[in-house]
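Take a look at the structure set out below.
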Amino acid sequence: MKSIIAACAAALLAASCATAPDIPSQRERLTRQIADDAVGFNEAYGQAVSAQILLNILRSRDRLPRYYLAMTGISDSPSWSTTQSAAVGGVPLGGDIGTPWGVGGLGIERERVTRPSYAVQPFDAATLARTAFQPTPSSVFEHYWYSGWPRDLLMLMMVESIEKADARGHISVYTNEANTIFDDCAASVQTDGCDFVREVRAFLATSQQHPYQRGIDLQNGRALCGLVGAYNPASPVRPTPPREGQTCEPVFAVGADTLRLRLRSLDDMVYYVGELLRAGGMRAAPGEAIEAQVTVRAAGLRGGGQGVPLFRVVPAHNTAHGVYAAEIAYGGQRFRAGPAIGRSCGEQAPAGVCRDVAEEGDRSSSVLSLIAEILALNQSPDAIRAPNRLIAE
């Protein structure tokens, strides 16, 4: 009997030793699982938002209606199914005499079943108006202006028109019309859209020559509501808060001129990119990349160069494997936009990754990111809840 008890104790000790190292292993598996799920949900959420934007851009290119949906987060609550089994049998002990001892076996199996749940639904009328159709707030433009974003991209995407007043009070208006922008606004193209593009490029050249703001006098300067920046102004200026009920548009003091910007709505930005692609699609052969007919500085190039298309859509079968911001099926084909650009170049090069060409400096991911961020900023908190995971044990 003593030997039997000793054997059982030894067996229990061995079992406890065998299972003890498994406890941290379970914790590690759970940690990795949560991390992997969080990454997977984040990627799925980003792809869903970017794909919706790309889809509406292509609809705009084809003059089709655009639709905006709210994705209200991702939840994953695992469910469990348990199977139990038990058995008892007799094992004779002590040779030919003695009473058989009962030996039992118990088995438990747990199966974890999980399926993420999410909601995709149209905006209500009030949210849709605020999200897609109201002009972008001036504070949003100013935030991006000073956040390191490409300023030529911001001016083309976010600004609908520029009202320029000179020292004599004469006002000129430049309108950003996508359907009149062709051939990257070469000298031979005389349209309202290209007049706007040339004005933007002249303004950006001046701001680069005078990168540090001077001429702001908070006491005696000329009061400008909505003042974003001053670049070598002819006379001192100062920002002033809006009056009650007044909405101030972004204003720049540049030399002797004052530039006032009228901002677009999010839907106007989507339509603008689609119109630029419409003109580019008329020049592209079937199966070729469709490019906007206006350029911005190449991604990663700080030294200038010829520039790359503002936006570029490539048929999926023409692209190499890699990371893209968006991929969708549309009109019986698959399209991609926004390849990852993982580099920083001091200046352009005739060959290699620093070439100032569309493939090496694609800015499409920046366009998609800008629209997606403004889409999120314009929504209510409930409409943009972050993806979440609920662990239910």
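Derivation of every value follows stated rules applied to the coordinates shown; laboratory data play no part. All values reported here derive from a predicted model rather than from experimental measurement. Cβ sites come from the backbone with ideal geometry, for glycine too, and all protein chains shown count toward neighbours.
Here are a few things to note about the model shown:
- Selection status of residue 288, charged (D, E, K, R), assigned to a loop (DSSP other than H, G, I, E, B) and more than 27 Å from residue 181 (Cα to Cα): no
- Test: residue in the range 204-215 that is farther than 29 Å from residue 365 by Cβ and of a type in the set (Phe, Trp, Tyr): yes
- Test for residue 298: is it surrounded by fewer than 21 Cβ atoms within 10 Å (Cβ to Cβ) and part of a loop (DSSP other than H, G, I, E, B): no
- Residue among 341, 374 that is touching a residue at least 12 places away in the same chain (Cβ under 8 Å), within 23 Å of residue 148 (Cβ to Cβ), assigned to a helix (DSSP H, G or I) and not small (Gly, Ala, Ser): 374
- Any helices (runs of 4 or more DSSP H) falling wholly within the range 121-236 and containing at least 3 residues that are without any contact (Cβ under 8 Å) to a residue 24 or more places away in the chain and loosely packed, with under 12 Cβ neighbours inside 10 Å: 192-209
- Restricting attention to the range 301-335, the residues that are in contact with a Gly (Cβ under 8 Å, 6 or more places away or on another chain), surrounded by 24 or more Cβ atoms within 10 Å (Cβ to Cβ) and outside any strand (DSSP E or B) add up to 0.
- Hits in the range 237-246 - residues which are outside any strand (DSSP E or B) and at negative phi: 241, 242, 243, 244, 246
- Across the range 247-289, the qualifying residues are those that are among the β-branched types (Val, Ile, Thr) and in contact (Cβ under 8 Å) with a residue 60 or more places away in the chain, and the one among them that is surrounded by the fewest Cβ atoms within 10 Å (Cβ to Cβ) is 247.
- In this entry, residue 249 passes the filter for residues that are over 22 Å from the mean Cα position of the chain (by Cα), outside any strand (DSSP E or B) and of a type in the set (Asp, Glu).
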